[in-house]
Amino acid sequence: MLPLGFGCDVGTSMYLRVDPPEKETKQVNWAEEYQLEKQWPIEGNESSNGTVSAVIERLRQEAESVFISSESEERRTVFVGNSAGDATKVCIEMAWQVGDRIRSTLSGEADHYLIYCKGLEKIYSVHGDEFDESVSLRIGGCSENSSRAKLADDYSLENNWPPAVNPSGTTSATQLASKTVDTVETDGYTAEVPSDCDDGRTIIATREESELRLRAESAWLENGLLRFNVTAPADLYVIEHPEESEIYMIPDDAFESSISLRVEPPEKSSPRINYAEDFLFEKRWPPQEASG
């Protein structure tokens, strides 16, 4: 098979089958179907540009004034102005439907994002502070913890412009920090947010001669994994499942380059997998080193 690593149809990697497989399935990508003479000229650039233009026109129905950024070659970045003269940077991203979820990867930095899902022909509006590198929205209802799920309908452009942080009621990292302070103090620690931490997400927990630095981080679901980014150094990182009530605590030295917890069963078991249940806050706090 030939590996590829480009194009919006392949994600991060793709393989083309040049020899017959032992067992044929619907997922086989036959190399002959992707021959250059059959795929060139590329169809889709015009439709992609047309989609972006349509999203911008739809935004103009909601915003007072919209200006396309001269630095955006793909015309996917715009600035939205208001009567006070303030400008907000907005990026347009594409999304895809996976089961009962809408997923999108945020490729640029912006205040707000407009996400177009081609399969549903709908535009969703999200606040940059609520998501890190990816967006996952649930389509329809949720059988459990529906009040905590990020429901797609809450983020539709008509329901969420200008975008609000956490319109579906999920806990933000700042709120999680407050919950962490309460929990830490019930276990005999003194907890405070240092004055040099302007976002209120770092907690210093002290007891006798022990001092720990905790950091509340935003987490998201991706392919059965609970993932998060480190935004400031700490001894322990606290994250919350975006759709359920579980809170996890991860030591700084628990990971090398990948920061993720497995919340769904893997296809193949491995001793290298970090299972989320092993990092539940109630199992990890107080840390053995400090409590002993």
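The values are calculated or read from the model by the stated rules, or taken from the named source; none is laboratory data. Values in this document were obtained by computation on a predicted structure and should not be read as measured data. Positions of Cβ are backbone-derived with ideal geometry, glycine not excepted, and every protein chain shown enters the neighbour counts.
Inside region 276-289, residues that are modelled with pLDDT under 90 and either of a type in the set (D, E, K, R) or within 21 Å of the chain's Cα centre (by Cα) (or both) make up a count of 1. Consider region 245-264 and keep the residues that are exposed (fewer than 14 other Cβ atoms within 10 Å of the Cβ) and touching a residue at least 12 places away in the same chain (Cβ under 8 Å). The one that is farthest from ILE102 (Cα to Cα) is ASP252. Of the residues making up region 208-226, those that are within 21 Å of ARG138 (Cα to Cα) and not in a loop (DSSP other than H, G, I, E, B) are ALA219, TRP220, LEU221, GLU222, LEU225, LEU226.
I'd like to check something: does region 229-250 contain any residue that is hydroxyl-bearing (Ser, Thr, Tyr), modelled with pLDDT of 90 or more and assigned by TED's automatic domain parsing to the domain that holds GLY188? Yes. Scanning region 81-111 for residues that are buried (at least 20 other Cβ atoms within 10 Å of the Cβ), over 14 Å from the mean Cα position of the chain (by Cα) and in contact (Cβ under 8 Å) with a residue 40 or more places away in the chain yields a count of 1. Reported count of residues in region 208-226, each being over 30 Å from GLY99 (Cβ atoms) and free of Cβ contacts under 8 Å to residues at least 12 places away in the same chain, is 3.
Could you grab me the full set of residues in region 180-207 that are touching a helix residue (DSSP H, G or I) at 6+ places or on another chain (Cβ under 9 Å), among the charged types (D, E, K, R), outside any strand (DSSP E or B) and without any contact (Cβ under 8 Å) to a residue 40 or more places away in the chain? Matches in region 180-207: ASP199, ARG201. Looking across region 251-272, the residues that are within 17 Å of TRP285 (Cα to Cα) and at pLDDT 85 or above come down to PRO251, ASP252, ASP253. Taken together, the residues in region 63-88 that are out of contact with any Ser or Thr (no Cβ under 7 Å at 6 or more places or on another chain), within 17 Å of ILE123 (Cα to Cα) and at pLDDT 90 or above amount to 1. Sub-8 Å Cβ pairs linking a first residue in region 269-282 that is assigned by TED's automatic domain parsing to the domain that holds THR186 to a second residue that is part of a strand (DSSP E or B) and among the charged types (D, E, K, R), at least 6 apart or interchain, are ILE273/ARG262; ASN274/ARG262; TYR275/ARG262; ALA276/ARG262, ordered by first then second residue. Among residues of region 227-238 that are over 9 Å from PRO251 (Cα atoms), those with a beta-carbon under 8 Å from a residue that is surrounded by fewer than 21 Cβ atoms within 10 Å (Cβ to Cβ) and among the acidic types (Asp, Glu) at least six positions away or on a different chain give the pairs PHE228/ASP132; ASN229/ASP132; ASN229/GLU133; PRO233/ASP252.
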